């Protein structure tokens, strides 16, 4: 958290708030946020006098494009941006401040302190970490049924960890993987090699529809997420399984169950998302041995 829909919502908000603004100076209060260059004073000096052109996104990363530089920002667990007047009090856990020449400031706040920022020359950002190994964008034209199957169909790994792997498909996190698998009628523990052509078709559609609907709703405010204007997302009110353990399935009335798959809390309706009998028997034999 935040996942693709939340980061896309932040991107759109920042475009409205800061595009065209010129940075006068930068204050860094927590140096470890700045990953490239490693010297936060050099980071600040490189940004001084630059104007923000637009704000892009790659997976869960924000790409703030300035004249001659690209700032790659990862919000991690609880990072957030907000635009303030210079005379407004600075809140606790505010680690980076971009002071604009119009009297406003873009402030980066991060309670957990896991966020990162990297500076690159334009075009360089896609060739080097942290963006160089990212997979397909699920809301792009490149995300076709064929590309999805080519990436995953022959793998013996459970489908949920595969969908969470950012080297295959970017932007998907725990919430939207659970929701997409439910919509597709696929159990999170099914191995990719057991999925039939119809399963892949349903999954491809479900990923696109789930993410698209979440973006329209401004993302999901499960914990502390808000957009750049301090507004909560609303998709949490549409969640079918995530966070609904012990509640009734909206489709069949069965009880939503929670387990752990690939180290992640996982929500499933066993009636709507059954495990194939063959895989169930195989897992029983493995446990017996």
Give the residues of the stretch 105-141 that are closer than 30 Å to residue 86 by Cα and not in a loop (DSSP other than H, G, I, E, B), sorted by residue number. 105, 106, 107, 108, 109, 110, 116, 117, 118, 119, 120
Residue in the stretch 89-96 that is assigned to a strand (DSSP E or B), under 22 Å from residue 9 (Cα atoms) and in contact with a helix residue (DSSP H, G or I) (Cβ under 8 Å, 6 or more places away or on another chain) present: yes
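Yes/no per residue for (1) assigned by TED's automatic domain parsing to the domain that holds residue 179; (2) touching a strand residue (DSSP E or B) at 6+ places or on another chain (Cβ under 7 Å); (3) at pLDDT 90 or above:
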| site | (1), (2), (3) |
| --- | --- |
| 195 | yes, no, yes |
| 200 | yes, no, yes |
| 204 | yes, no, yes |
| 219 | yes, no, no |
| 228 | yes, yes, no |
| 262 | yes, yes, yes |
| 265 | yes, yes, yes |
| 273 | yes, no, yes |
| 276 | yes, no, no |
If you take just the strands (runs of 3 or more DSSP E) that sit entirely in the stretch 38-85, which of them hold at least 2 residues that are under 23 Å from the mean Cα position of the chain (by Cα) and closer than 24 Å to residue 168 by Cβ? 52-58, 61-66, 69-74
Check 61, 114 and return the single one that is surrounded by fewer than 16 Cβ atoms within 10 Å (Cβ to Cβ) and either free of Cβ contacts under 8 Å to residues at least 40 places away in the same chain or not assigned by TED's automatic domain parsing to the domain that holds residue 166 (or both). 114
Out of the stretch 142-162, which residues are in contact (Cβ under 8 Å) with a residue 24 or more places away in the chain and in a helix (DSSP H, G or I)? 145, 148, 149, 152, 159, 160, 161, 162
Those residues that are touching a residue at least 24 places away in the same chain (Cβ under 8 Å) and within 12 Å of residue 261 (Cα to Cα), I need them from the stretch 164-187; list them, please. 164, 174, 178, 187
Tally of residues being in contact with a helix residue (DSSP H, G or I) (Cβ under 8 Å, 6 or more places away or on another chain), closer than 14 Å to residue 96 by Cβ and touching a residue at least 24 places away in the same chain (Cβ under 8 Å) across the stretch 1-32: 5
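The values are calculated or read from the model by the stated rules, or taken from the named source; none is laboratory data. Note that the coordinates shown come from a computational prediction; the quantities given were computed from them, not determined experimentally. For neighbour counting, all protein chains shown are included, and Cβ atoms are generated from backbone atoms with ideal geometry for every residue, glycine included.
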